[in-house]
């Protein structure tokens, strides 16, 4: 193999599995260390730089970081990254003076954002401080978008949502509530310099089965519509026996909401076996903890209506072949119920965008976009969040929005939108002494901390009673130490190596080898421990001075304990902290990384 | 300053040996030797060797004397028996232990000071008696614990860290062994585990004294320019006489027929040592030619490594002395100490 080019920021970035997996590339190990030090304000700000809504995401993020976490490959359970984020948010003090503000002098450019969900708010967060006049057009009377109307309050309390949305509006965005955009043509006529569409995927999927539109249709609901009505107080009760059709995260919110509105016997009905469920495993766990039954292999056939009253739903009980592609019907059953909630997906709705404006749409009613710039076929119109590529999640919406904000800034400044600032990195040695490092390098064997929940007997009392209590101080102290500090990288200088094998002998996971070079497939089999996780890179040095062999490191289960560097007699190994400098619109960064007390946390470069 | 600890990471994928143990079960305490010390690599090789041989830790006895080298038994197989004896006396303790319990696997770790200066007399007799054990001599040419004076194995002309050349002729443990009637003599290099691990396995399989002289650089006092026992010097002057393969007798031997110049030596327990790249006429069983060959290499400034001499036809200390077949601890007390009547009868025989 050629020597690995670790001067390319992408190499070390990929070693930080959580940060790489996060669409917004949040510096996870960085903020976990700040939490460990009790620097909650700094931890929050470091989070906010990339993900904008730490308090919200610390509760309801889809957590792509956690399945990627290296700790999973070490002891089976990822670090509770998401819930640590919540700790930073819950314990922070007043950080208002560190937040970006709008300059007194505007830059004369006007931008309209449609919808006040996570995508639009992130665009506002990035553009208002640059002097843009930002107008947000929201169809409801509150900001938050799906975070407001689709996520129940027992998972995301209103005060947390209010605080993190209002902070952006207070920067100086001009928000118009109760202002749905009914015609893109009319909006275009208002001569905004750019328009950002962040309207989400607001339409719940329909299930056309016999009986759907009969007299009893008042007891058949579309999940996200129903959740919205609950959120706005239009619905405050449900029958005792409720069936939820579908088994995604919306279904989990529907069934748990039902339990709080009078449901006693709530069942989630799935067509396929459990391994094909779309819901996140932890959401399934939380629902099942509330005694909600999840029934598999039931395919809905019709609504059973007697005398104008919904009395049940008929299902085919099916058996699937391997891979769950084809099913055979075993029997047909009717399950009695009072209400049915359909939670089988959601889709985009663009009936308000006239088709002769130059904005092209592709399959599934999604706009044709450049995936990196999020620019539509009409150059001054940009999309982001669920509005762009269909339903994803909040953290993707934030990531899209940062990207779109760069595009809008370029577009308004007359710079081509594809001329984008590149990410860069810094690497700083963490050596403090013979065996001391500026990070906590000792492997901590603690197991993942269990989130405490409000007792089952108390939690259904009110719909806005938050179920998760957050980590207590001891849990936090243990959980932060489970982080392996993957951002503190093993940096190697081949010219200093005397091939004494000290690093290889000390490595607790046998990830280092000195051997003759070969191609990757061959090298992977010849290491101290075979490198069989092909998703993880192997790092290869320059030829070593004495024997011309190479140092090879399998990144897979390196616990970043620094023992290789500690045992190295010539300091050929060093532990260096990797920081990714992610570009945002106008290069406006909040660096929660200040080295010296008293430094302003806010820098403008 | 605290000494680092090597954490136990519960990786699910750690391979296990026949006993169901992982390599981590064959480790010991954390080394407090200098970072980069060759001895730590020898420790790692011994750990790996016992793991691969699936030796039950409680059937291993590790012995040592005094010196940096003699600290190393602490750093492998924490479940083994151990005895850290007085300076140069590891050989005597090992002889006694082996006489009492012949069923353990004995591994003694010593250094060039412990073996070739203060302990050379004991080592000589250990070789004469052919005590069944592995004797690892971690040879770095200096007294590391007392800050780098030349030891008895330092080559003439080799320079100390302060630049002073050595003027006294070295003792070569292999040559010493040849003249003392040792039956297994090997040399290796701490930086070459591919050679060292098979040699260690063969040494365990050998019945009798197996001496391995391991050049193990002192990274603090003898790894500089002008040293003849530095990592760089070894890499530039090591001549592998022999590419070694160790084939335990339990395994079916299904390797392709080896080259014409390869030789195979069957050990006492049926295992085989295979040698490749042996120079013309080199026979590790011919003491005279081995002696000549090593001397010739030495004069050329080269260090011959590999299994240099082996004699599988000799008797070990127990055979020579016609001792019981089992460990003394397994013999009933009434037979081991048959009482004053039996003693009187024995004494009568000598009158």
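Brief remarks on what is shown
- Some residue of the stretch B:335-351 being surrounded by 10 or more Cβ atoms within 10 Å (Cβ to Cβ), out of contact with any helix residue (DSSP H, G or I) (no Cβ under 7 Å at 6 or more places or on another chain) and closer than 30 Å to residue B:288 by Cα: no
- Strands (runs of 3 or more DSSP E) lying entirely in the stretch A:192-269 (those with 3 or more residues that are touching a helix residue (DSSP H, G or I) at 6+ places or on another chain (Cβ under 7 Å)): A:194-197
- Residue selected from the stretch A:497-523 under the condition surrounded by fewer than 18 Cβ atoms within 10 Å (Cβ to Cβ) and in a helix (DSSP H, G or I), by the criterion nearest to the other protein chains (Cβ to nearest Cβ): A:522
- The single condition among (1) in contact with a strand residue (DSSP E or B) (Cβ under 9 Å, 6 or more places away or on another chain); (2) modelled with pLDDT under 70; (3) closer than 19 Å to residue B:185 by Cα that residue B:268 does not meet is (1).
- Under the condition of being farther than 17 Å from residue A:509 by Cα and either within 12 Å of chain A (Cβ to nearest Cβ) or over 24 Å from the mean Cα position of the chain (by Cα) (or both), the residues counted in the stretch B:44-56 number 1.
- Search result, residues across the stretch B:1-18 that are under 22 Å from residue A:71 (Cβ atoms), within 28 Å of the chain's Cα centre (by Cα) and modelled with pLDDT under 80: B:4, B:14
- When B:108, B:157, B:96, B:82 are screened for being surrounded by fewer than 23 Cβ atoms within 10 Å (Cβ to Cβ) and in a strand (DSSP E or B), only B:82 passes.
- Selection count, the stretch A:547-563, where residues are crowded, with 19+ Cβ neighbours inside 10 Å, over 32 Å from the mean Cα position of the chain (by Cα) and within 10 Å of chain B (Cβ to nearest Cβ): 1
- Lone qualifier among A:258, A:299 - being closer than 17 Å to residue A:460 by Cβ, outside the structural domain of residue A:153 (by TED's automatic domain parsing) and in contact with a strand residue (DSSP E or B) (Cβ under 7 Å, 6 or more places away or on another chain): A:258
- The residue list B:212, B:174, B:197 contains one member that is under 19 Å from residue B:308 (Cα atoms), in a strand (DSSP E or B) and either within 14 Å of chain A (Cβ to nearest Cβ) or in contact with a helix residue (DSSP H, G or I) (Cβ under 8 Å, 6 or more places away or on another chain) (or both), which is B:212.
- Scoring residue A:169 on the criteria (1) within 25 Å of the chain's Cα centre (by Cα); (2) surrounded by 14 or more Cβ atoms within 10 Å (Cβ to Cβ); (3) under 30 Å from residue A:261 (Cβ atoms) leaves a single failure, condition (3).
- Members of the stretch A:174-190 found to be in contact (Cβ under 8 Å) with a residue 24 or more places away in the chain and surrounded by fewer than 17 Cβ atoms within 10 Å (Cβ to Cβ), listed by number: A:174, A:176, A:177, A:178, A:179, A:180, A:182, A:183, A:185, A:190
- Among the residues making up the stretch A:150-166, those that are outside any loop (DSSP other than H, G, I, E, B), touching a residue at least 40 places away in the same chain (Cβ under 8 Å) and surrounded by fewer than 21 Cβ atoms within 10 Å (Cβ to Cβ) are A:158, A:163.
- Qualifying positions in the stretch B:177-192 - crowded, with 22+ Cβ neighbours inside 10 Å and part of a helix (DSSP H, G or I): B:177
- Candidate set from the stretch A:270-280 (those that are assigned to a loop (DSSP other than H, G, I, E, B) and out of contact with any strand residue (DSSP E or B) (no Cβ under 6 Å at 6 or more places or on another chain)); member that is farthest from residue A:295 (Cα to Cα): A:280
- Just one of the listed residues (B:61, B:35) is within 11 Å of chain A (Cβ to nearest Cβ), in contact with a helix residue (DSSP H, G or I) (Cβ under 9 Å, 6 or more places away or on another chain) and either touching a residue at least 24 places away in the same chain (Cβ under 8 Å) or not in a helix (DSSP H, G or I) (or both), and it is B:35.
- Qualifying residue in the stretch A:61-75 (condition: without any contact (Cβ under 8 Å) to a residue 40 or more places away in the chain, assigned to a loop (DSSP other than H, G, I, E, B) and either within 14 Å of chain B (Cβ to nearest Cβ) or more than 18 Å from the chain's Cα centre (by Cα) (or both)): no
- Index of the failed condition, residue B:14 passing every other in (1) surrounded by 18 or more Cβ atoms within 10 Å (Cβ to Cβ); (2) within 14 Å of chain A (Cβ to nearest Cβ): (1)
- Residues satisfying the stated conditions in the stretch A:134-148, i.e. surrounded by fewer than 21 Cβ atoms within 10 Å (Cβ to Cβ) and over 26 Å from residue A:358 (Cα atoms): A:140, A:141, A:142
The values are calculated or read from the model by the stated rules, or taken from the named source; none is laboratory data. Note that the coordinates shown come from a computational prediction; the quantities given were computed from them, not determined experimentally. Methodologically, a virtual Cβ is constructed for each residue, glycine included, from the backbone with ideal geometry; neighbour enumeration extends over all protein chains shown.
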